[in-house]
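The values are calculated or read from the model by the stated rules, or taken from the named source; none is laboratory data. These figures come from a predicted structure and were not determined experimentally. So basically every Cβ, Gly included, is an ideal-geometry build from the backbone, and we count neighbours across all protein chains shown. Please note that ligands, DNA and RNA were not included when accessible areas were found on the heavy atoms of the full protein model with its side chains. Shrake-Rupley method; radii C 1.70, N 1.55, O 1.52, S 1.80 Å.
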Amino acid sequence: VSETMSTNEEKKKLPLNGRRALPPNNSNDEENEVPEMEAFGLIPRGFNPKDYLHVVDIYMFKEPHEINKQQHHTDKYYNPKLIVRRGQPFQIQIDFSRPYRPETDQFWLEYLMGRYPQQNKGTYIPILVGNMLKPGEWGAKITHRENNSIRLSIMSSATCIIGKFRLYVAVWTPFGILRTRRNSATDTYILFNPWCQQDAVYLDNEKEREEYVLNDVGIVFHGSVEDIKSRSWSYGQFEENILDACLFLMDKAELELSGRGNPIKICRVASAVINSRDDNGVIAGSWDNSYDYGVAPSAWTGSVDILLEYYSSKQPVRYGQCWVFAGVFNTFLRCLGIPARLITNYSSAHDNNANLRLDFFLDDEGKVDTRLTKDSVWNYHCWNEAWMTRPDLPVGFGGWQVVDGTPQETSDGMYRCGPASVQAIKHGHVCFQFDAPFVYAEVNSDIVFSRREKNGTQVIERIDTTHIGQLIVTKEVGSDEMKEITEEYKFREGSDEERLALETAVMYGVKKQTTRDTTYQPQTDIDMDFQVQKAVLGNDFKATITFRNRSRNYYTATTYLSGNIVFYTGVAKTEFKKHSFSAKLEPSSSSSFDVWIKSSEYMSDLLEQASFHFFVTARINETGKILAMQKATILEIPTLRIQTKGELVAGKEMSVIVEFTNPLKQALENVTLRLEGPGVLRTIKKEFRSIPMNSTLTWEVKCIPIRPGLRKLIASLNCDALRHVYGELNVQIQKP
């Protein structure tokens, strides 16, 4: 056997390079052969292994209700193997063929990972049995002896590698080492431990740990500042095979096993592998409203389907937009035990050349010139924060770190972003790795409207310093409310500290073009305001432009309103409304003008987030000065109604009923419904050929909930004419 074994091995070996003695060890999945008898030399004929201590069985206490998973907060993982957190003791029991005699018997444990285990890399860990455990260091001690059995308490290192280890018990004999046979039932997963003070991800608040590590559903805030919307997202980090899928992502990213104890490295490689750009990662992004051969980003209700599909197909899953990347990233981080939360930045700058200003170029009429304008303002952008110490930075920059899996710009040659310290961004210390200048620009840029005169000079018409990053939010700990965290990213607008942070950022190389070199004298005695009525999808609504003339002069304003249907990234698809009029402005008075927007004007071109962007520009004819404003607005989208029927008891059948009424003046064709709820039911999909206008669709699903407790059902409806339709329901599942 050994002969054929080695020749196959030779074929599999990678070509060695001159710098390393062993091939890279970057797969948690691969294994090496471990001999059951490792002889010291020639074995005498009379040698019988049975004369020595012999392992009959190993008991891992790995059931959810048993001591290990209870104490390590891993009882929710739908996984039959032992899962523990590092730096905290766990128990196993070894049954020998006879009573253990400490005076003469010698045995030890071996934990191995990967294809080329090495002690100095932390992938081969021999543990001798001692009298006491040192906190945060590998060790084992006997806590109990009875008949042929011993009970061991094992401590793992608080810095050890995260992943799946193989366990062997080795017994010393004078002629060689006897080992237990390879047994996958004793495999042990070791995860990060936010409960352990010596762990880099230690979080000292129990309520926050329950939210940021153990909560398997969350809220995504979207919409726009004027109209905040929220939806639930099922993270599902404890569902079947998700832990293995998350470990596979690190193999896919080719992260050396020895680097997998470091949350900074893990976040950095994960932010690249979450998107499919340049490494065939998990999700393919698409922002162009055509989602052939894939699922529209708005149809996903959680991360589980995406991760499982990727784990089995190894090909990017189509399609995602920022909240999908962030939702899957959050699952990955929480699954491995890194505290994480999903963040939304409203009016997020995507600044192409990181000069802290977004340039909007206007043409003669005051319309935005789409050829020249390359920067864009996203209505909102989602990213993640992960909690960890930053020993690679000066003291004070640990805590929440920005990581972003959405592919926007490259960093060190790959589409990835972070981890960047939130504290460093707030104070403008953007010299500290990784990607702080880009994140700083996302929350701090100015918008500059400029117009090219006939003679070619650029005239700046307006500078808006408060629009970008005006609201940054996340889900509240322990409830579905919204928590504002703008203050954690920036000082109050206009404060001295804010100016100072900006000057610091500029000093550290964030480019900031001054506007002094261009002539900028705005019209100061007229104010223009612009409001858009809240509107339901499929209805008419109005926009109101108000002028306040504070001077004693008569003015006339040539006013132009342009309505665009936009992607939530602020990129325009079509201009669906053009309206100009002349406004007479009496001295010292206000006047308002209404512009009606009809559903027939926008319905045919509508994009999935039903979001509009309006520009209003007014030229004051007497002075030639221009007033400019821009505003995003979002239509109210109808929701799905969810209810339940029958008793809500774990292990008993119940019904979930989803209802939807079509509000549009047209039939909806080829409609897909999705329903999921971690612990209650796996994702179910159903297709409907057509829903006529004003008619109601009802869908009943029978299921048997597995876990008691407060659970959430999440549903989505999707078709070409209508996207981003959601519904959700909290259900309390009783114990049987």
* Expressed as a whole percentage, what fraction of the accessible surface of the stretch 641-733 belongs to carbon and sulfur atoms when a 1.4 Å probe is rolled over the protein heavy atoms? -> 49 percent
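Rounded to the nearest 0.05, what FRET efficiency is calculated for Thr558 and Thr524 with R0 set to 22 Å and r the Cβ-Cβ distance?
Working: r = 19 Å, r/R0 = 0.87.
After rounding, the FRET efficiency stands at 0.70.
What order do you get for 578-590, 667-679 when each peptide is scored by the mean count of other beta carbon atoms within 10 Å, highest first?
Most protected by this proxy first, the peptides run 667-679, 578-590.
Roughly how many Å² is the accessible area per residue of the stretch 641-733, as a whole number, for a 1.4 Å probe?
On the way: 4210 Å² over 93 residues.
Value for the stretch 641-733: 45 Å² per residue.
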* For helix 242-252, what angle does its Cα long axis make with the longest principal axis of the chain, in degrees from 0 to 90 and rounded to 10? -> 80 degrees
* Compute the distance in nm between two label points, each set 7 Å from the Cα along the Cα-to-Cβ direction, one at Thr623 and one at Asn539. => 3.8 nm
* **Listed residue (Val273, Ala296, Ser258) projecting farthest to the positive dipole end of the stretch 175-298, Cβ model** => Ser258
* Asked: Where does the chain land at 222 nm, in deg cm²/dmol rounded to the nearest 500, when only DSSP H runs of n ≥ 4 count, each adding -39500 (n - 2.57), divided by all residues?
  -> -4000 deg cm²/dmol
* Asked: Helix 2-12 versus the longest principal axis of the chain: what angle, 0 to 90°, nearest 10, using Cα atoms?
  -> 20 degrees
* Over the stretch 37-191, what percent of the accessible surface lies on carbon and sulfur atoms, probe 1.4 Å? -> 50 percent
* To do: Find how much the distance from Arg452 to Asn120 grows on full extension, using 0.36 nm per residue of separation minus their present alpha carbon separation; answer in nm with one decimal.
  => 113.1 nm
* Put +1 on the Cβ of every Lys and Arg and -1 on every Asp and Glu Cβ in the stretch 641-733; which of Ala715, Ala667, Asn694 then has its Cα farthest towards the positive end of the dipole? -> Ala715
* **Solvent-accessible area per residue for the stretch 208-508 (1.4 angstrom probe, square angstrom)** => 33 Å²
* Per-peptide average of other Cβ atoms within 10 Å, ordering 151-162, 262-273, 524-535 highest first -> 262-273, 151-162, 524-535
* Give, in nm to one decimal, the length gained when the segment between Asp288 and Leu22 is fully stretched (0.36 nm per residue of separation minus the Cα-Cα distance). => 91.2 nm
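Beta carbons within 10 angstrom, averaged per residue: use that to sort the peptides 42-50, 658-666, highest first. List each step's numbers first, then the result.
Values: 42-50: 9.1, 658-666: 17.4.
Highest-to-lowest ranking by the protection proxy: 658-666, 42-50.
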* To do: Give the long-range amide H neighbours of Ser224: residues separated by 5 or more places, or on another chain, with amide H under 5 Å away, using H modelled in the peptide plane at 1.01 Å from N.
  => Lys229
* **Förster radius 41 Å - calculated FRET efficiency between Lys367 and Glu669, Cβ distance, rounded to 0.05** => 0.75
* What does the charge dipole of the stretch 383-473 about its Cα centre add up to, to the nearest 20 debye, if the Cβ of each Lys and Arg holds +1 and the Cβ of each Asp and Glu holds -1? -> 220 debye
* Is the shape of the chain best called rounded, prolate or oblate, per the rule: a/c under 1.5 gives rounded, else a/b larger than b/c gives prolate, else oblate, with a ≥ b ≥ c the square roots of the Cα gyration tensor eigenvalues? -> prolate
* Under the definition of Cα pairs under 8 Å and six or more residues apart, what whole-number percent is the relative contact order of the chain? -> 9 percent
* Asked: Using a Förster distance of 60 Å, how high is the FRET efficiency between Thr661 and Leu42, based on the Cβ-Cβ distance and rounded to 0.05?
  -> 0.10
* Structure fact -> Between the modelled labels at Glu636 and Glu256 (7 Å from Cα along Cα→Cβ) the distance in nm is 5.8 nm
* Asked: What residues have an amide H closer than 5 Å to that of Ala535, excluding those fewer than 5 places away on the same chain, when H is modeled at 1.01 Å from N in the peptide plane?
  -> Glu636
* Structure fact -> Along the dipole axis of the stretch 526-634 (charges at Cβ: +1 for Lys and Arg, -1 for Asp and Glu; origin at the Cα centre), the most positive-end residue among Trp596, Tyr560, Asn621 is Asn621
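With charges only on Cβ, +1 for K and R and -1 for D and E, what is the dipole size of the chain about its Cα centre, in debye, rounded to 20? Walk me through the numbers on the way to the answer.
Details: 86 positive and 93 negative charges, 145 e Å.
I would put it at about 700 debye.
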* Structure fact -> Simple SL model, points at 7 angstrom along Cα→Cβ for Asp105 and Glu33; separation in nm is 3.0 nm
* Structure fact -> Tilt, helix 496-507 to longest principal axis of the chain (alpha-carbon atoms), in degrees rounded to tens, equals 70 degrees
